[in-house]
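Only the coordinates and a few stated rules stand behind these numbers; no lab work does. Every value quoted in this text rests on a predicted model; they were computed, and no experiment measured them. Here the Cβ positions follow ideal geometry from the backbone for every residue, glycine too, while neighbour counts run over all protein chains shown.
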């Protein structure tokens, strides 16, 4: 028996207005200083105050949020006793909000111990709204929580199905000013979610359609959103929806090897998450296709692209992803990403160790040995096609 999980999704123009319909007395807004500076927090506060809420702000979330940050947010929540947690921002803010929500309701829980196998309390004190301000992570509809253990230089893939947000608000107005670089890296994140969600060993009929539609939208609209920004409202809007579709698809089937490698890279070299997983995606497609038993041909069928066999399909898809990356000026190798060779070689052992400990490594169609994981990093550094 399986379950499909989704928040109540409110989307479209002026979707943020839905906040004025909430019932409660006190809300804690979890965000970062940049979102606060851009004025988005004030927009959220206005609607909440229209609904009679007292609002408080925790704006200390950093990129790749740390264990220390969510513990600080938990302490604030315990002091304020809110009945709504509002996550506002990119994936880091939304993940931090989900973690703070869990810890607030389970005060004895060590954040490292958040997992899908223990029964955790939620919704006894508060409910949660997730509002994305980037078009990539899909964190607004997932129960995944990625936190950084700074002491160990490792990202922790955490989460429990119970901490799927209650409401996700997908308002295109919040991404109209997204800069090109962030449009590109978050867009590649969404693409990786959709491709890995469709090809994961846990793929299913409920998630497949979401992932395929997200892939189609991203290939069509990401270059336009990158090039034209707010001048192309349709592209911005479609990319915002695509990110949510991809998030909803992959969280109900799981991400895979590109995420394991990307999490490791991000923890050691602080490469943006979307850039990291997007960079590894073509290499992991090649690696999985070399062993057979993949579904890349079905993606091409949906896109209307002809191919002879599954091996050719994987090659065409890899080329299409790399062509997209070039168009939006995303790096195709770790060297292109600006990582110095000497630093990479020194960190290689840690990179391999982190990747092999990541839960996402187990849900792809091919699980690498420790040596193969090392080779994947080496090939990705040089930009070499995977031949093993």
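Calculate the FRET efficiency for residue 83 and residue 113 from the Cβ-Cβ distance with a Förster distance of 30 Å, rounded to the nearest 0.05.
On the way: r = 25 Å, r/R0 = 0.84.
With R0 = 30 Å, the Cβ-Cβ based efficiency is 0.75.
Once you have the Cα-Cα distance between residue 350 and residue 301, take 0.36 nm times their residue separation minus that, and quote the gain in nm to one decimal.
Once the chain is fully extended between residue 350 and residue 301, it gains 13.7 nm.
How long are the semi-axes of the equivalent ellipsoid of the chain, taking √(5λ) for every eigenvalue λ of the Cα gyration tensor, in whole Å from largest down?
33, 23, 19
Which log10 I(q)/I(0) values, to two decimals, does segment 79-205 give at q = 0.09, 0.16 Å⁻¹ under the Debye formula with one point per Cα?
-0.28, -0.87
Taking all pairs of different Cα atoms in segment 8-175, averaging 1/r and flipping that mean, what Kirkwood radius in angstroms comes out?
15.5 Å
So, in nm, how far is label residue 3 from label residue 230 when the simple model puts each one 7 Å beyond its Cα toward the Cβ?
Simple spin-label model gives 4.1 nm for this pair.
Using a ≥ b ≥ c from the Cα gyration tensor of segment 1-96 (square roots of the eigenvalues), is it rounded, prolate or oblate, where a/c under 1.5 gives rounded and otherwise the larger of a/b and b/c decides, a/b for prolate?
Rounded.
Given R₀ = 35 Å, what would the calculated FRET efficiency be for residue 38 paired with residue 309, taking r from the Cβ atoms and rounding to 0.05?
Given R0 = 35 Å and the Cβ-Cβ separation, E is 0.10.
Quickly rank 190-200, 111-121 as a protection proxy: mean count of other C-beta atoms within 10 Å, highest first.
For the peptides 190-200, 111-121, the packing ranking is 190-200, 111-121.
Against the globular-protein guess of 2.2 N^0.38 Å, express the Cα radius of gyration of segment 284-388 as a ratio, rounded to two decimals.
That works out to 1.16 for segment 284-388.
Roughly what angle does helix 233-251 make with the longest principal axis of the chain, taking Cα atoms, 0 to 90 degrees, to the nearest 10?
Tilt of helix 233-251: around 80 degrees.
Quick one: angle between helix 310-327 and the longest Cα principal axis of the chain, in degrees between 0 and 90, rounded to 10, please.
Relative to the chain, helix 310-327 is tipped by roughly 60 degrees.
In percent, how large is the relative contact order of the chain, given Cα pairs closer than 8 Å and 6 or more residues apart?
Answer for the chain is 15 percent.
Obtain the radius of gyration and the Kirkwood radius of segment 172-241 from its C-alpha atoms and give Rg over Rh.
1.03
How many angstrom lie between the C-alpha centres of segment 154-206 and segment 1-75?
What the calculation gives is 17 Å, centre to centre.
Answer rounded, prolate or oblate for segment 138-194, using the Cα gyration tensor with square roots of eigenvalues a ≥ b ≥ c: rounded when a/c is under 1.5, else prolate when a/b is larger than b/c, else oblate.
Since a/c reaches 1.5 but b/c is at least a/b, the shape of segment 138-194 is classed as oblate.
On full extension of the chain, what length is gained from residue 335 through residue 201, given 0.36 nm per residue of separation minus the C-alpha to C-alpha distance?
Taking residue 335 through residue 201 to full extension adds about 45.2 nm, to one decimal.
Compute the angle between helix 67-80 and the longest alpha-carbon principal axis of the chain, please, reported from 0 to 90 degrees and rounded to the nearest 10.
Compared with the principal axis, the helix lies near 20 degrees.
Quick check of the Kirkwood formula: for segment 180-382, what is the inverse mean of 1/r over all pairs of different Cα atoms, in Å?
Answer for segment 180-382: a Kirkwood hydrodynamic radius of 16.7 Å.
Rounded to whole Å and sorted largest first, what semi-axes of the equivalent ellipsoid does the C-alpha gyration tensor of segment 68-153 yield via the square root of 5 times each eigenvalue? Don't skip to the answer; put the middle values down first.
Numbers: eigenvalues 66, 54, 33 Å².
Semi-axes (√(5λ), whole Å): 18, 16, 13.
Sort 144-151, 81-88 by the packing proxy (mean of other Cβ within 10 Å over each peptide's residues), most packed first.
81-88, 144-151
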